[in-house]
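The values are calculated or read from the model by the stated rules, or taken from the named source; none is laboratory data. This is a predicted model, so every value here is computed, not measured. Cβ coordinates were reconstructed from backbone atoms using ideal geometry, including for glycine residues, and neighbour counts include every protein chain displayed.
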Amino acid sequence: MNHGIMQTLILAVVVGTGCYAFSLRMRVPAILLYLLAGMMLGPMGLGLLHVEHMGHGLFILVEIGVAIILLEGGLSLSTRSFKKAPSAIGRLLLVTIPLTAAGGALLARQVLHLSWDLAIVFGTLIVVTGPTVIGPLLKTVNLSQRLEVILHWESIWGDVAGVVLSALALKFVTISGALEISNVAQTFAVSILTGALVGLAGGFALNKIIFPWLALLQERQLMGIMALAGGLGIFFGAQAIMPSTGPLAVAIAGFYLSYRRDKFLYTIRHFKDQLSVIVISTLFVLLSGSINLFQVQDQWASILLTALALGLIVRPIAVFLALPFSNPPLRERAFISAISPRGILALAAAFYASLAVSGREHELSLLLITTFAVIFISGAFTTVMGKPLARLLGVLESPAKTGLLLVGVNPVSMQLADYASKQVPVSFLDTDNDRCLMLEEKNMTSLCVDVLDDAVYDDAREEGFDRLVAMTVDDALNQLICQKAGLHFGEDNVYAVHGRPNNGYIEAKPPYDVQYAFAESFCLTEALQALETGRARFEERNLAGPVPDNVIPIFKLPSEGGLLLSRAGEESIGQHLCLVFDQAQ
């Protein structure tokens, strides 16, 4: 391998994953860091990335990356979440995408002065909103559940639509630059049908044949690897049957696997999450490292005007025409219209166009750099203004108001559930049918499920539950539950309690330190005994200084409503529900 290619590829992987880790630390979407790093290391900066040496190899990496990203996107979708806002999602996909494509094509023609065929290519590839940007936004900004669902679904299928439409548009760009339109509708319909059939067939084969066979080998780690191989096979099989159908096929295969919800699903998702981070970060750095803005410096004003008009004019018009009624409400429609970051697939499609069409270098450079500018500006706006705008429009969901799951049915947890349910949704998770029936008799919500089943936590998140407290007397079980739930809710949102004062057994150690609820001195068995003998009680107190030894803060009660769990070791100030012992414990 050429040393320049090796240096470029390794540097992109190292810098890209470093940017991702830094973005997690800063709790911001990583796209802006990817783009800045690529520009700084590319021809406009230090010149350490030699993307031009990769030639057709970069195109192959882009296609593999598209397949992985769309498979992961399809796996993340769920019919349960779709039911939260089916009409809004449908209207966004059916109305916003064609209006955005038309607006983008018109801007490319009138402002950038691209020929009509390439203007249409630009319009079709710029429709994507990008799960690579929306996903991190949803992790760092706690939006209302319906808004999260709408943005997530639009980002996945918008990506699919953008890749398919831009590939079809390129197909009809002839050597002379004329756009053949007589068979466009027919080809589009056949492409959709082909992609859907191949995707369904591939997903069915993976789900019903390959994964059950792998299960017999008792090698769970093979599930993710085989899903990757199967996804790539579906992508390129569809492409071989009919060009431009691969993206749709692989997304539908992923969605089919998610819909079937078999026990293999989470192993596959976890593997894909890790792989997609590497792919997305590397491709973003590589593609932005190939950009040289000085190639079109005489048209910077036109590029900037096009990018701003897409975000400030085309997007709001398209969204408000697609969602003209009261559901979602005006403030949510305003947020949707303002947040439209483009992602890696838009840049990949533009890069593909620059390779697929020959003899029109200036126009293609202008198309590629304008796409980069749209991604950069929309990504920067989302990164910087996403949370402030959500707060201004009142679409932020306070962490204090999200649902709370309790694992472990006992007098302490039941009293806490009774109190907390007046503030936030509360539900028990338990495996014992008798305990679940007892909770129902007391009008308490419960799910009688296997608490170590990944599907339970996926369903809970879709119902608005983002926090969990493991409150059994078994410390090892509490830690094991936190290990499982933390992978879905995030380790900051799961808590354990000390079950017994002394552990005479080996604990199940999670891959991170378990955070304990309430206080280090809190012990569930001691609290149960104290409540049973009347030596302790729950009461609200306003804490303003050092907490007495016989008082254990349980819930903090914010003035805006809801409740927060008190954590061991944190300072307790303000109104709290406390467990008060008659004597210091």
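Counting only residues that are outside any helix (DSSP H, G or I) and either under 19 Å from residue 566 (Cβ atoms) or of a type in the set (A, V, I, L, M, F, W, C) (or both), how many does the stretch 473-500 have?
Number of matching residues: 8.
Restrict the check to the stretch 129-143 and report whether at least one residue is over 13 Å from the mean Cα position of the chain (by Cα) and closer than 23 Å to residue 31 by Cβ.
So far as the stretch 129-143 goes, no, none of its residues is over 13 Å from the mean Cα position of the chain (by Cα) and closer than 23 Å to residue 31 by Cβ.
Any residue in the stretch 199-211 that is at pLDDT below 75, under 18 Å from residue 67 (Cα atoms), surrounded by fewer than 24 Cβ atoms within 10 Å (Cβ to Cβ) and not acidic (Asp, Glu)?
No, because not a single residue in the stretch 199-211 is at pLDDT below 75, under 18 Å from residue 67 (Cα atoms), surrounded by fewer than 24 Cβ atoms within 10 Å (Cβ to Cβ) and not acidic (Asp, Glu).
Under 24 Å from residue 163 (Cβ atoms), in a helix (DSSP H, G or I) and not aromatic (Phe, Trp, Tyr): is that true of residue 24 in this structure?
no
In this structure, does residue 282 turn out to be in the same structural domain as residue 160 (by TED's automatic domain parsing) and either surrounded by 21 or more Cβ atoms within 10 Å (Cβ to Cβ) or among the acidic types (Asp, Glu) (or both)?
no
Using the structure shown, decide if residue 176 is at pLDDT 75 or above, surrounded by fewer than 21 Cβ atoms within 10 Å (Cβ to Cβ), more than 23 Å from residue 63 (Cα to Cα) and among the polar types (S, T, N, Q).
For residue 176, the condition - at pLDDT 75 or above, surrounded by fewer than 21 Cβ atoms within 10 Å (Cβ to Cβ), more than 23 Å from residue 63 (Cα to Cα) and among the polar types (S, T, N, Q) - is not met.
For the stretch 7-42, how many residues meet the condition of being among the hydroxyl-bearing types (Ser, Thr, Tyr) and either assigned by TED's automatic domain parsing to the domain that holds residue 491 or in contact with a Phe, Trp or Tyr (Cβ under 6 Å, 6 or more places away or on another chain) (or both)?
Number of matching residues: 1.
Those residues that are within 10 Å of residue 289 (Cα to Cα) and not hydroxyl-bearing (Ser, Thr, Tyr), I need them from the stretch 9-45; list them, please.
Scanning the stretch 9-45 gives 12, 35, 36, 37, 38, 39, 40, 41, 42, 43, 44, 45.
Quick check on residue 76: is it in contact (Cβ under 8 Å) with a residue 12 or more places away in the chain, of a type in the set (S, T, N, Q) and closer than 30 Å to residue 199 by Cβ?
Considered against the rule, which asks whether it is in contact (Cβ under 8 Å) with a residue 12 or more places away in the chain, of a type in the set (S, T, N, Q) and closer than 30 Å to residue 199 by Cβ, residue 76 comes out as yes.
If I filter the stretch 15-35 down to residues being closer than 17 Å to residue 65 by Cβ and of a type outside the set (Gly, Ala, Ser), which single residue comes out as farthest from the chain's Cα centre (by Cα)?
For the stretch 15-35, the residue satisfying everything is 15.
Sort through 47, 104 and tell me the only one that's buried (at least 18 other Cβ atoms within 10 Å of the Cβ) and either part of a helix (DSSP H, G or I) or over 24 Å from the mean Cα position of the chain (by Cα) (or both).
So the residue among 47, 104 that is buried (at least 18 other Cβ atoms within 10 Å of the Cβ) and either part of a helix (DSSP H, G or I) or over 24 Å from the mean Cα position of the chain (by Cα) (or both) is 104.
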